[in-house]
Amino acid sequence: MTNEFDDARLTTELAPAAALLRVLKLTSNLTRAAAELGIPQPTASRRLAALSARVGVPLTVPDGRGIRLTRVGRLLADASERAVDILNHGVRQVREEIDPDAGHVVLGFLHLLGRSLVPGLLRDFRLEHPRTRFSLVQGSRRDIVDDLAAGTIDLALVAPPPHDEDLGSVVLTEQELFVAVPTDHRLADRSSVRLAELADEVFVMLEPGYGLRQITDDLCGKAGFTPTVAFEGQESDTVRGLVAAGLGVALLPAFEPHPPPGVAEIRLDPPVTRKISLAWSADRPLSPAAAVFREFVHDRVRTQA
């Protein structure tokens, strides 16, 4: 019968093989796994055999020209994957603690913010921190917030700001929203329009899960109507294209430097803005490089105040 001491000894013996199990889960091929880890294939084979003997059951079985993890092997591989990911995060923190400016930041943001806000923010940051590397992840607000909570991204630019208790955020800026209509629309020449005047219009919108869709649905509800939605898309440029084709109206930020052909932008009365915030996990410490970027955004907010 095993006890906690035996489990601890097995965990210690498993540690050197964790990386091998993790790669085997992905490759199902011992030769490729060994090459991935930079070790001879006989070494990988001996390591796997020794671990199987120690556990007491096979961890792999033949599968065509490769191998397949057994149920026990997959359980250990899943645990190894999580452990290696945590260790990689720790190594990254140590490296960036020594030199934060040479770190790596995974930044998530909404598609609509990729036109000017994100490029301008990164340009200004890299003037001060030219060696920081960024991975950029675009998606809907729901996807970005989920990725942030899961830890697959470090920071996120989203609108509206998240209200999750496990997420922190700071409002970076506010962005005015306009009614986009076809240039031959009855309202196209108006300088402003009340949202209630759109109650009988057909709308073109982003799909549910996008922040702008949530804002539009909420605003229409407050104006006393449920919008009739003819088309849903995942990109603001697609939505504008559908508006230009005369297929509906939409609530969108201004298209810089001016509206595209076929689209007129009308200010709402009263004006409507959305808050754009930088968000992060309140339960997970930021890497040093991500912390430096967050402080840069904080400084920009304080300067603008």
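The values are calculated or read from the model by the stated rules, or taken from the named source; none is laboratory data. Just so you know, these numbers come straight off a predicted model, no measurement behind them. Virtual Cβ from ideal backbone geometry, glycine too; neighbours counted across all protein chains shown. Heads up: the accessible areas ignore ligands, DNA and RNA and are worked out on the full protein's heavy atoms, side chains in. Shrake-Rupley method; radii C 1.70, N 1.55, O 1.52, S 1.80 Å.
Based on Cα contacts under 8 Å between residues 6+ apart, the chain shows a relative contact order of 20 percent. Between helix 4-14 and the chain there is an angle of about 80 degrees, using the helix long axis and the longest principal axis of the Cα atoms. Summing charges over all other residues whose Cβ lies under 11 Å from the Cβ of ALA33, with Lys and Arg as +1 and Asp and Glu as -1, gives +3.
Determine the calculated [θ] at 222 nm for the chain from helices alone, applying -39500 (n - 2.57) to every DSSP H run no shorter than 4 residues and normalising by the residue count; nearest 500 deg cm²/dmol.
Rounded to the nearest 500, the figure is -14000 deg cm²/dmol.
Can you work out ³J(HN,Hα) from phi for every residue in segment 277-290, in order, using Karplus 6.51 cos²θ - 1.76 cosθ + 1.60 and θ = phi - 60°, giving whole Hz and x for Gly and Pro? These are the phi-based 3J(HN,Hα) values: 10, 9, 10, 8, 6, 7, 9, 10, x, 6, 5, x, 5, 5 Hz. On a per residue basis, segment 101-150 carries 48 Å² of accessible surface, using protein heavy atoms and a 1.4 Å probe. Counting only Cβ charges, +1 for Lys and Arg and -1 for Asp and Glu, the dipole size of segment 199-278 around its Cα centre is about 220 debye. When the Cα positions of GLN214, LEU187, LEU30 are compared along the charge dipole of the chain, LEU30 comes out farthest toward the positive end, with charges on each C-beta of Lys, Arg, Asp and Glu.
Give me the angle, in degrees from 0 to 90, between the Cα long axis of helix 18-27 and the longest principal axis of the Cα atoms of the chain, rounded to the nearest 10. Orientation of helix 18-27: about 60 degrees from the principal axis. Among residues other than PRO160 with Cβ under 15 Å from its Cβ, the summed charge is +1 (Lys and Arg +1, Asp and Glu -1).
For the chain, the dipole from Cβ point charges (+1 on Lys and Arg, -1 on Asp and Glu) about the Cα centre works out to 1140 debye, to the nearest 20. When the alpha carbon gyration tensor of the chain is reduced to an equivalent ellipsoid, its three semi-axes come out at 51, 23, 17 angstrom, largest first.
Summed over the residues of segment 180-296 and divided among them, the accessible surface reaches 47 Å² per residue at a probe radius of 1.4 Å.
What is the Cα convex hull volume of segment 150-258 when expressed per residue in Å³? Don't skip to the end; give the middle numbers.
Details: hull volume 14.8 nm³, N = 109.
Roughly 136 Å³ of hull volume per residue.
Helix 71-98 axis versus longest C-alpha principal axis of the chain: approximately 70°, rounded to the nearest ten.
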